[in-house]
Amino acid sequence: APHKQCLDPFPNYRDARPGISLDYRDAANVVGHQQRSWLVYYCIKAFIESGGVPLIDLGSAGVPMFGCISLDLVGNGEVPTYGGKMAGIHIKADAADLSIFQDGSLSGVISNHTVEHIRCAKLMGTETAQEKIRLHCPGTELLDIFRAHWLRILRPGGYFCAVIPDDEPARESKSSVFLQDPSHCHAWTANEFYHTLIVPLVREGLVEVVEHNLWDNHFSFATTLRKP
């Protein structure tokens with residue numbers, strides 16, 4: 001995370017070394033630990049409530065997560081460890097295509113900074129960050145992915161939990177998450193994500209909102225949806 005986006009209440013984080021925001025081994029990585037501990041909570045909750053049905057971690061980068069099948073597009077040893085011990089992925093596949101899983105087969109789908117990497121229909125894959133800002137793909141094509149894959153494979157009562165970079169503080173500082181990570185295909189504020197993707201799914205009766213935008217860390221927002 002850029003220095004200006006770090007949590008104010010933690011003075012030890014103000015003087016963080018470069019790269020510390022990606023290192024889960026360092027106690028000063030407040031934002032990283034906040035994100036991962038929140039996901040671990042819902043992993044445990046979904047696992048217990050389902051009687052031991054596993055979850056799937058989309059774009060896991062091989063970092064282990066409680067009760068989860070680890071899925072990523074790249075194989076073992078091909079991606080950074082992000083500080084944690086890289087146990088390796090279980091399935092090499094695209095997070096946008098989970099057709100190998102049966103309906104209602106999992107208790108949870110979690111995503112830690114992966115949803116924003118799902119390919120945008122407007123983008124060819126060669127755009128610069130400035131071009132992505134100008135095109136501003138709203139991400140409505142993710143609705144079909146939610147219906148056909150992420151929600152389809154959830155059992156009734158299962159959870160979809162995602163941590164997503166928040167573009168609002170970046171815009172306030174005349175920046176963009178595209179400038180922070182050019183591999184992003186989407187850049188949402190928490191409000192944009194809610195109205196573009198969550199509201200339509202709620203209206204269709206596909207999800208219930210457990211919580212949304214519950215943080216104020218100037219870096220990411222989180223959303224928890226539950227399949228009725």
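The values are calculated or read from the model by the stated rules, or taken from the named source; none is laboratory data. Given the structure is predicted, the values throughout are model-derived calculations rather than measurements. Counting neighbours? That spans all protein chains shown, and the Cβs are built from the backbone with ideal geometry, glycine included. Side chains are part of the model used for accessible areas, which takes the heavy atoms of the whole protein and leaves out ligands, DNA and RNA. Shrake-Rupley method; radii C 1.70, N 1.55, O 1.52, S 1.80 Å.
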Taking amide H positions as placed in the peptide plane 1.01 Å from N, state which residues far from residue 210 in sequence (5 or more) or on other chains have amide H under 5 Å from it. 224, 225, 226
Please list, in order along segment 153-159, the HN-Hα scalar couplings obtained from phi with the Karplus expression 6.51 cos²θ - 1.76 cosθ + 1.60 (θ = phi - 60°), rounded to whole Hz, x for Gly and Pro. 7, 7, 6, x, x, x, 10
Under the Karplus relation with 6.51, -1.76 and 1.60 and θ = phi - 60°, whole-Hz ³J(HN,Hα) for segment 100-111, x at Gly and Pro, equal 6, 9, 6, 4, x, 8, 10, 8, x, 10, 10, 8
Convex hull volume of segment 56-206 per residue (C-alpha atoms, cubic angstrom): 120 Å³
Of the peptides 182-193, 33-44, 216-227, how do they stack up when ordered by the mean number of other Cβ atoms within 10 Å, highest first? 216-227, 182-193, 33-44
From the phi of every residue in segment 61-72, what ³J(HN,Hα) in whole Hz does the Karplus formula 6.51 cos²θ - 1.76 cosθ + 1.60 yield, where θ is phi - 60° and glycine or proline is x? 6, x, 7, x, 9, 3, x, 10, 7, 9, 10, 7
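As an exercise, use a Förster radius of 35 Å and the Cβ-Cβ distance of residue 41 and residue 122 to find the FRET efficiency, rounded to the nearest 0.05.
Details: r = 35 Å, r/R0 = 1.00.
After rounding to 0.05, the efficiency reads 0.50.
From largest accessible area down, sort 153, 69; use a 1.4 Å probe on the protein chains. Could you put the intermediate results ahead of the total?
On the way: 153 0, 69 40 Å².
Accessible-area ranking of 153, 69, largest first: 69, 153.
Which trypsin sites (Lys or Arg not before Pro) from segment 155-209 combine a DSSP loop assignment with at most 14 other Cβ atoms within 10 Å?
Within segment 155-209, the qualifying trypsin sites (Lys or Arg not before Pro) (loop, at most 14 other Cβ atoms within 10 Å) are 174.
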Can you list residues whose amide H is under 5 Å from residue 221's amide H, if they're 5+ apart or on another chain and H is modeled 1.01 Å from N? 164, 166
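Sorted by mean Cβ packing within 10 Å, highest first, what order do the peptides 89-96, 108-115 take? All intermediate terms of the calculation are to be shown ahead of the outcome.
Numbers: 89-96: 17.4, 108-115: 24.8.
Packing proxy ranking, top to bottom: 108-115, 89-96.
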Report the accessible area of residue 214, computed with a 1.4 Å probe over the heavy atoms of all protein chains in place, in Å² rounded to the nearest 10. 70 Å²
